Amino acid sequence: MRAITHHTPDALLAAYAAGTLSPAFSLVVATHISICAECRAALEGHHAVGGALLDGSETAILSDALKSDILAMLDDPTPAATPLAAREGEGIYPGPVIEALKGKKPRWRSLGLGLKQAILSDDEHGSVRLLHIPAGQAVPDHGHNGMELTLVLQGSFSDETGQFARGDLEVADEDLDHTPVADGGAPCICLAATDAPLRFHSFMPRLFQPFFRI
Ligand code: ZN
Ligand code: ZN
């Protein structure tokens, strides 16, 4: 299998380890970690740093309230606490996605142009969905009002920043405008989370945007 080349940025991994990411972003990071040994090892490092804070002489300078906050944070059963690696190889959906689907098949809804989505969750803090992009098809050109995390689960896509295949994670923000296009071969299936609506540049996607909650 081709090696993963686009990983979880360290700041995002630290936020995930601290439990401060939204559930939508946490699901994408947990899914990447479940299929990426490199980020799994880096995450262990973040947990070890959290633990060392409590063991070392620094403990004395932590107030009791802060200490209990940190302890609570470390005890928090974040998705990373489950043995995700054991779920590898179960088809294209890694363990965290299977859990989000509650063991059921994705409920695909057409977006037109052969694009499909299955919304896993959608609330005021953001949304996370599966996207199905036929080979050669583009996702309409768009910008971002917040952060967008896109993890490839099958096939691959390319945009202005490079190529992304299974396991690769793209982090997009306000500074990036892009037109992701699925490469040839199998349809590209991605897990994508956003914390704000996308900014589509053409009229038709803008028109339908409220209906698709994208
Ligand atoms: Zn990684
Ligand atoms: Zn985007």
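Observations, loosely collected:
- Sparsely packed loop sites in region 96-186 (the GluC sites (Glu not before Pro) outside DSSP H, G, I, E and B with at most 14 other Cβ atoms within 10 Å) comprise GLU124, GLU160, GLU174.
- Taking every protein chain into account, the accessible area of region 102-212 amounts to 47 square angstrom per residue (probe 1.4 Å).
- Per-residue HN-Hα couplings for region 8-13 [Karplus 6.51, -1.76, 1.60; θ = phi - 60°; Hz; x = Gly/Pro]: 5, x, 4, 4, 5, 5
- With θ taken as phi - 60° and the Karplus curve 6.51 cos²θ - 1.76 cosθ + 1.60 applied, the whole-hertz 3J(HN,Hα) list for region 152-160 is 7, 10, 8, x, 7, 9, 10, 9, 4 Hz, x standing for glycine and proline.
- LEU101-ALA41 FRET efficiency (beta carbon distance; Förster radius 35 Å; 0.05 resolution): 0.80
- For region 119-143, the residues whose amide N sits under 17 Å from a probe point set 7 Å from the Cα of THR179 along the beta carbon direction are 134-143.
- Of the trypsin sites (Lys or Arg not before Pro) found in region 150-214, those in coil by DSSP whose Cβ has at most 14 other Cβ atoms within 10 Å are ARG213.
- Only Lys, Arg (+1) and Asp, Glu (-1) charged, at Cβ; region 158-214 dipole about Cα centre in debye: 400
- Shape of region 102-212, Cα gyration tensor, a/c cut at 1.5: rounded
- Among the chymotrypsin sites (Phe, Trp or Tyr not before Pro) found in region 105-214, those both in a DSSP coil and sparsely packed, with 16 or fewer other Cβ atoms within 10 Å of their Cβ, are TRP108.
The values are calculated or read from the model by the stated rules, or taken from the named source; none is laboratory data. Everything numeric here is computed off the predicted structure, so don't read it as measured data. When we count neighbours, we look across all protein chains shown, and the Cβ atoms used for this are built from the backbone with ideal geometry, even at glycine. All accessible areas refer to the heavy atoms of the entire protein, side chains included, with ligands and DNA or RNA removed. Shrake-Rupley method; radii C 1.70, N 1.55, O 1.52, S 1.80 Å.
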